[in-house]
There are 2 protein chains.
Amino acid sequence: MKINVYSIEKKNSDYYTKIIENQKKMIQKYTKVEEIMIFNKKISSAQNRDAIMAKESYSEAFIPKMNGYNVALHPTGKEMDSFEFSENFANIVTLNFFIAGAYGFDEQFLKKCDKVISLSKLTFSHKIAKVILFEQIFRALSIVNNHPYHK
Amino acid sequence: MKINVYSIEKKNSDYYTKIIENQKKMIQKYTKVEEIMIFNKKISSAQNRDAIMAKESYSEAFIPKMNGYNVALHPTGKEMDSFEFSENFANIVTLNFFIAGAYGFDEQFLKKCDKVISLSKLTFSHKIAKVILFEQIFRALSIVNNHPYHK
């Protein structure tokens with residue numbers, strides 16, 4: 001199994017990225033995981049124009065990466081507990097998570113995904129959403145592998 | 001207004017605590033905020049015995065602190081979006097948030113609180129829950145003060 005976490009953001013280094021580095025090491029005890037941050041001139045100029053173009057630029061960046069089971073994080077998605085979340089990890093070879101930039105996803109992209117999930121009713125910053133996602137991935141793998149972390 | 005965030009944990013220093021230090025600085029632009037971590041021998045030995053005694057030891061530590069509007073974080077609490085969360089901040093002098101230790105709260109403590117909230121259906125680690133809570137406090141104060149952070 002391989003897990004990919006795609007997000008629209010510039011690469012940077014702060015306390016959140018250090019936490020995610022540790023989380024990735026923990027996940028790698030169970031399976032391969034890769035964090036792919038995408039940002040380019042097209043996204044930058046689209047975001048400076050309007051929300052519709054920004055969303056289109058995210059889709060354009062992400063669609064070529066949709067080569068497995070594709071899960072988008074979006075406020076309108078399905079909320080689930082950590083056990084239901086872990087059900088995404090059964091019998092899947094490549095599991096891709098997509099986190100949009102500041103303007104969110106357009107409906108067309110969401111329709112292309114196998115699942116659209118929401119982490120909470122609350123609005124989270126991009127950085128916190130990613131830390132939550134990586135922790136849930138580790139928690140899910142602990143559940144799937146019967147390790148007591150999740151209790 | 002004064003905001004207190006109480007939790008059952010040993011004081012420590014890691015990337016999460018550094019993030020919370022920054023979050024507290026941001027919150028202090030709006031109002032006073034204090035983070036109070038409680039841990040003692042009684043809690044330690046209760047946690048080594050059983051869940052009921054652990055929960056009682058948390059209540060015993062927190063009850064003397066209940067001197068304002070008291071909000072407990074608990075999985076059975078009410079989920080809300082960031083705007084609803086910000087409604088907790090209206091016309092309140094002292095706002096206390098309580099985060100339990102590993103065994104959660106007993107029903108008696110929850111009944112004493114003015115509100116019991118849940119951050120998500122997902123299970124979060126203690127550390128992530130605290131980072132989420134501090135971000136929501138800042139977001140709520142931005143909403144209440146009409147600052148664009150929350151958008």
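The values are calculated or read from the model by the stated rules, or taken from the named source; none is laboratory data. Since the structure is predicted, the reported quantities are computational estimates derived from the model, not experimental observations. Cβ sites come from the backbone with ideal geometry, for glycine too, and all protein chains shown count toward neighbours.
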Among B:Phe105, B:Phe83, B:Phe62, which is assigned to a loop (DSSP other than H, G, I, E, B), surrounded by 13 or more Cβ atoms within 10 Å (Cβ to Cβ), touching a residue at least 40 places away in the same chain (Cβ under 8 Å) and of a type outside the set (Val, Ile, Thr)?
B:Phe105
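Residue-wise test of (1) under 17 Å from the mean Cα position of the chain (by Cα); (2) within 14 Å of chain A (Cβ to nearest Cβ); (3) modelled with pLDDT under 95.
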site	(1), (2), (3)
B:Val33	yes, no, no
B:Ala46	no, no, no
B:Glu60	yes, no, no
B:Leu73	yes, yes, no
Give the stretch A:103-121 a look and list any residue that's of a type outside the set (S, T, N, Q) and within 14 Å of chain B (Cβ to nearest Cβ), or say none.
A:Tyr103, A:Gly104, A:Ile117, A:Leu119, A:Lys121
Are any residues in the stretch A:22-48 exposed (fewer than 15 other Cβ atoms within 10 Å of the Cβ) and touching an Asp or Glu at 6+ places or on another chain (Cβ under 8 Å), and if so, which ones?
A:Lys42
With the condition kept exactly as written, say whether any residue in the stretch B:122-130 is more than 10 Å from chain A (Cβ to nearest Cβ), touching a Lys or Arg at 6+ places or on another chain (Cβ under 8 Å) and at pLDDT 95 or above.
no
Quick one: B:Phe89 ticks every box in (1) more than 14 Å from every other protein chain (Cβ to nearest Cβ); (2) out of contact with any Cys (no Cβ under 9 Å at 6 or more places or on another chain); (3) of a type in the set (Phe, Trp, Tyr); (4) buried (at least 21 other Cβ atoms within 10 Å of the Cβ) except a single one, so which number is it?
(4)
